[in-house]
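Notes for the one structure printed next.
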Amino acid sequence: MPDDRIRQPGLRDRVVSAEQAAAWITPGQTVAMSGFTGSGYPKAVPLALAARIEAAHLAGKAFQIRLLTGASTAPELDGALAKVDGLALRLPFQSDPDARRRINDGSLAYIDAHLSQVAQNAWFGFYGDIDVAVVEAVAIREDGGIVPSTSVGNSKTWLDLAKRVIVEVNDWQPPELEGMHDIYYGTALPPLRRPIPLEHPDERIGETALRVDPDKIVAIVRTHAPDRNSPFKATDATSERIAALLIEFLQHEVARGRMPARLLPLQSGVGNIPNAVLAGLERSGFRDLTAFTEVIQDGMLDLLKSGVLRSASCTGFALSPWANATFKRDIAFYRDRILLRTQEISNHPELVRRLGCIGMNGMVEVDLYGNVNSTHIMGSRMQNGIGGSGDFARNGFLSIFMSPSTAKGGSISSLVPMVSHVDHTEHDVSIVVTEQGVADLRGLSPKQRARVLIDRCAHPDYRDALDDYFARACRTSYGKHTPHLLPEALSWHQRWLDTGDMRIGAPATASAS
């Protein structure tokens, strides 16, 4: 591999194997790694570390670390370390099946945090000392600056706080990524904080590389490995219906004068429904839009190419293999339209509020009064985590949550009497969309919200039962402001756990537990 990726000559003698680099990590340490939704994460050192941990366990020795990242990563990191029982603690977001299984069997401690808060909490010392940072880079510049790859996430904070630093220089990542990053170094701790000078989503306020004390770099590993490139499922009719309803709603808001014709900066979660929404925007007639979001996925690349989207600010990519190839082929075009920022900026509550972002996120379930559960199945089983949805839900101009009205073949209703876990309270939820319709909850009292949600978002198989519950609650509940029948409020979830179906009187299937 040529030396042009490590342009600081004094650092070339620190190039070692992944196994040698992993030896710097010892049991009990807190290790912070780069990565955000499967992009820009280290790929060789975590695998070498997992092999060391597995060997230690076979020898009867304890070996676990505490792992901090930007968000979810990939099988080479989360998956490899979870499989060998190498994690004592994980934060702030994950999507790996092995990590999820250990979280839910109680063997892996997990902190589910708002993504905007992770960097500041690390600076506050809430997570203790960071012993080692492991970050992926496109290159190391002549001045020692580290050029991030396809995500920034929390890498700035990890490099600032870590006692030791390991850098993976990955030449699979295109060198043209250099210059796409905007790393802001103006944040501070209270009481020294000052306003962040960002007024437009496409405005630059920082530097193009990460600073690091070269004396802290103990190892550099050369790699040639792709990001996790998981293809998205084909868009189905339900997702397309939800997307069409949401776009019609946005057009209505513009017609009513509540938003400009260019809308406001878009934030979109990752998944089938958000991708369908982005595809729908391409056909909607909207033009010259902007995005201030966490992740760029396939649909946003298409919108940039078509001119529907003028620019996109993010902290990482989540691209399919096809989209990744497109991005690398046309990177000269995208360089002028995409900015990669730290996640403390991409998710900053004050910026989200001041820019007036439109937050579009998925959910597990919503209840009659608009409380949203986006993380837990049946109240106690963690799925992935809250991610950045809360940063945009509480602070955005519009807080939109989307889901099919049913799940598991119709045995689960997404609209329930009371959510089994609350991530976003009714105070932070503006709009709910299912394939049945759009519920606009703005300016409504709790009972008015319930009526709109039942009438417009509930699946017909569950509408009568919801009507019945709500009517009886209005008559007999202890209070009439937010009526609930406490013995029944979570009975739908228990019925599913017991019988495999939330519907009253449905034939019992195998127990869901």
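The values are calculated or read from the model by the stated rules, or taken from the named source; none is laboratory data. Computed from a predicted model, the values in this text were never measured in an experiment. Don't worry about glycine lacking a Cβ; one is built from the backbone with ideal geometry, like all the others, and counts go over all protein chains shown. Note: areas computed on protein heavy atoms with side chains; ligands, DNA, RNA excluded. Shrake-Rupley method; radii C 1.70, N 1.55, O 1.52, S 1.80 Å.
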Relative contact order (percent) for the chain, with alpha-carbon contacts under 8 angstrom and 6 or more residues of separation? 13
Qualifying GluC sites (Glu not before Pro) in the range 80-175, DSSP loop, other Cβ atoms within 10 Å at most 12: E142
Using a cut-off of 22 Å between alpha-carbon atoms, which lysines can reach K408, once sequence neighbours fewer than 8 places away in the same chain are excluded? K233
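Is it possible to state the helix-based mean residue ellipticity at 222 nm for the chain, with each DSSP H run of 4+ residues giving -39500 (n - 2.57), the sum divided by total residues, to the nearest 500 deg cm²/dmol? What is it? Let's see the in-between values first.
Working: 17 runs with 157 residues, N = 513.
Helix contribution divided over all residues of the chain: -8500 deg cm²/dmol.
With a sphere of radius 15 Å drawn around the Cβ of R495, what net charge do the other residues whose Cβ falls strictly inside it have (Lys, Arg +1; Asp, Glu -1)? Provide the component values of the computation, followed by the final result.
Values: positive: K408, R503; negative: E365, D461, D468, E488, D498, D501.
Every neighbour counted, the sum reads -4.
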Label-point gap, in nm, between D171 and E203 - each point 7 angstrom along Cα→Cβ: 4.0
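Any of K447/K480; K83/K156; K61/K83; K156/K328; K305/K328; K43/K163 with alpha carbons more than 19 Å apart? Name them for me.
As for pairs spanning more than 19 Å Cα to Cα, those are K83/K156; K156/K328; K43/K163.
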Rg over Rh [alpha-carbon atoms, Kirkwood Rh] for the range 226-373: 0.95
Heavy-atom accessible area of S116 with all protein chains present, probe 1.4 Å, nearest 10 Å²? 20
Give the carbon-plus-sulfur fraction of the accessible surface of the range 330-455 in %, rounded to a whole number; probe 1.4 Å, heavy atoms of protein chains only. 48
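Given an 8 Å cut-off on Cα distances and at least 6 residues of separation, report the relative contact order of the range 1-115 as a percent. Could you put the intermediate results ahead of the total?
Values: 183 pairs, mean separation 25.3, N = 115.
Relative contact order of the range 1-115: 22 percent.
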For the range 330-439, report the accessible area per residue in Å² (1.4 Å probe, heavy atoms, rounded to an integer). 28
Tally the DSSP beta bridges in the chain and give the antiparallel ones as a percent, rounded to 5. 25
Isotropically averaged projected area of the chain, using the convex hull of Cα atoms (one quarter of hull area), nm²: 24.8
With the 8 Å Cα cutoff and a minimum separation of six or more residues, the range 151-272 has a relative contact order in percent of 30
